[in-house]
Structure formats: C-alpha cells, structure tokens
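Beneath this line is the structure, given in structure tokens, with notes to follow.
The values are calculated or read from the model by the stated rules, or taken from the named source; none is laboratory data. Everything quoted here is computed from the prediction, not taken from an experiment. Cβ atoms come from the backbone with ideal geometry, glycine included; neighbour counts cover every protein chain shown.
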Amino acid sequence: MKFARTILIVQALMLLAAALVVNSCYNAPPPPIAPAPQATPPQVEENPEALETPPAPWPVPSLIEENISPEATSTPSPTDTPTATDTPFGQTPAPTQTPSPTPTNSPTPTPTPEPTPQPDFSQSLPAGQLSDRPLEADINAAALPTRKTSIRIADRARTELLKHDPDEAIRTLGRALSIDAGNPYVYFYLGRAYLMKHNYQQAMTFWERAAIGFADSPQWLSEVLSFEGSVKERLGDTDAARNDFARALKLAPDNQLAKDGYTRLGPPPPPPESEPTEAEPPGGEAPPEEAEPPPPPAEGEPPPAEESMPSEVPTPSDAPPATTN
C-alpha cells in the first residue's frame, strides 16, 4: 500500500511540473522583432482590433519583406466592340445581304472533235468476192491430207469472220497453222481478221506471206493484192494502192474490189512536161557568135591605125615603056 501511494504522489508531482512548464510557455512575452536591414518599414494604419489581439504564445521568426510588385505585362489592345444595332427588343434583326460575286466572262471551252469511225471495208465487200465463197473446191484440189485439214479449218474461220468475230477466227486459224504452217489460206484469213481489228500493219504482214504461197494461183493472188491496195489507200499511199489495184485487175479482171478501187483512184497522173532550158531560133540553127570587141589600148600607147583598102591598083614605075613600030 505504501509503495502504491508513493507512485501516485510521484505521478502527481510530475503532472504539476508539466503544467507549470506549459503555463510558462504560453505566458512568456514574445521576443522583439528586429527591423529589416535597409528596408523602410511600411506605414501601418492603426487598427484598434489589432491592438487587442493577444500576442502569440510561441516565438515567431522575423519576416523579411520582399518586393512582390507584379511585373509589367503587355496589355493586349482592346478589340473593337461591335456597335449595337437599333433592333427593338424581341424582334429578329433583318438578315444582311451578302453581295453576289460578279460573274466573269470565262472563255468557252473548245469542244474536242471526236475521231471519225473508220468503216471496215472487209465487212462490206462487193458481192461475189472470192474470199467470201466456201473453200470446198480448194479443199478437194489439195494434194496432201494435212493441207486439206488445214484449209477446212480455215474455211470454218471464214464463216466466223462473216459473223464479225475476229478473235474467235484468230484462235481457229491458230489450230490450222499448227497443222500446216505453209498454208497460204491461213495467212490470208489471218490478215482479214487483223484488218477487222484495225491492226493494218499486222494484216499487211500476213498478206505478204500469203502472196508468196499464192504465186501460182492468179485468182487468189489478185485477191491478196486488192486487199493490200485497199489498206494502202486508207493509209494515204495512193500511188502504191493504184499499182496494187492495177496488178490485181491484170491477174483477175472480174475482181470487183480491185475494179472499185482503181475506178475510185483513177489513172496515174501524166508526168510533168520538161521545159526547154534555152530558146532555139527557128530552123534549128544556132545563133551566130558575135565578135568580141578588141581590148582597150594601154596608157601611153597610140591607138592602132585603121587599115584602108586601096581603091585602084598602082602601076609599077619599073615597068618598061611600050614600044611603037
């Protein structure tokens, strides 16, 4: 029991000491505030409320006044405030009229002329043309079986060309060419197929090869020449076209395509007459040459004496006198 009382007494003394320490801290006077060096104290207006404020119970450090004046900033220029309209309250202002742009006289675009479609004369051949007829007689006249088979396939391509299907005809003729590479009928109808596709250069190449194979067949060679002349006429080479038409008519006078072409182009123009270079006198004689004038005399030299012809023959003085009897 005594020991417990002693502990309680000690604790009470410690609490009392702590209370005294705390009380001394709160009631201690504040330390004097030293003035800031080289700084003018601001003038503080007397405020009765500030005087009545009790001092702080803890030490306050000295505060140094800093220059907190705001930096000079660039003030933006004021924007123009739109002027208030005179529209009464509650009414919608009338819409402003936007000026319409002045129309400018733009140049009228020149229309591009469309190309004139080229008529394909192979689709409108004269009636009875040799290459439009069936090839039954040519198939029977062939000696080799491969040639007969190749001509029969070429005849099938001919019917496809009459149906205006050149692509299918080219595929068919390719099979005929693989059977007989020297068949001139295949080359001729290949030229007609490329003619329908307006590939004139390729068509001319095949026709030149066909003309070699038809060297012994005047009718078919005339057919080849008439087609070549028609293409050359379209390309503008009228002289060569006229020659092809003339050769075709010479080989086969009944070739209507060659007749029409030669009639259309007409005979060749006559050669130009050669103009005479020098005018010849009538009679065919050359004009007499004029005598050249004598050269002028040199300086200091007498002019040449003019020669005079004697009018009478002088009698010589040495002649003996005549004797009389």
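Do you know which residues across the range 126-156 are more than 21 Å from Leu190 (Cβ to Cβ) and part of a loop (DSSP other than H, G, I, E, B)?
Selection gives Pro126, Ala127, Gly128, Ala143.
For the range 165-178, what are the residues that are over 25 Å from Gly229 (Cα atoms) and crowded, with 18+ Cβ neighbours inside 10 Å? Steps first, answer last, please.
Taking the range 165-178 first, the residues over 25 Å from Gly229 (Cα atoms) are 168, 171-172, 174-178.
Correct list: Thr172, Ala176.
How many residues, within the range 107-125, are part of a loop (DSSP other than H, G, I, E, B) and either under 20 Å from Trp220 (Cβ atoms) or modelled with pLDDT of 90 or more (or both)?
Let us first name the residues in the range 107-125 that are part of a loop (DSSP other than H, G, I, E, B), namely 107-120, 124-125.
Those left that are additionally either under 20 Å from Trp220 (Cβ atoms) or modelled with pLDDT of 90 or more (or both): 125.
Here the count works out to 1.
With assigned to a loop (DSSP other than H, G, I, E, B), under 19 Å from Leu125 (Cβ atoms) and in contact with a helix residue (DSSP H, G or I) (Cβ under 9 Å, 6 or more places away or on another chain) as the only criterion, which of Pro253, Pro267 stands out? Before the answer, list the steps.
Working: Pro267 fails: under 19 Å from Leu125 (Cβ atoms).
Of the residues listed, the single one that is assigned to a loop (DSSP other than H, G, I, E, B), under 19 Å from Leu125 (Cβ atoms) and in contact with a helix residue (DSSP H, G or I) (Cβ under 9 Å, 6 or more places away or on another chain) is Pro253.
Taking the stated definitions as given, is Asp216 in a loop (DSSP other than H, G, I, E, B) and out of contact with any strand residue (DSSP E or B) (no Cβ under 8 Å at 6 or more places or on another chain)? Steps first, answer last, please.
Numbers: in a loop (DSSP other than H, G, I, E, B): yes; out of contact with any strand residue (DSSP E or B) (no Cβ under 8 Å at 6 or more places or on another chain): yes.
Judged against the criteria, Asp216 is a match.
In this structure, is Tyr189 under 27 Å from Pro253 (Cα atoms), out of contact with any Pro (no Cβ under 9 Å at 6 or more places or on another chain), crowded, with 18+ Cβ neighbours inside 10 Å and touching a residue at least 12 places away in the same chain (Cβ under 8 Å)?
On the way: under 27 Å from Pro253 (Cα atoms): yes; out of contact with any Pro (no Cβ under 9 Å at 6 or more places or on another chain): yes; crowded, with 18+ Cβ neighbours inside 10 Å: yes; touching a residue at least 12 places away in the same chain (Cβ under 8 Å): yes.
Criteria met by Tyr189.
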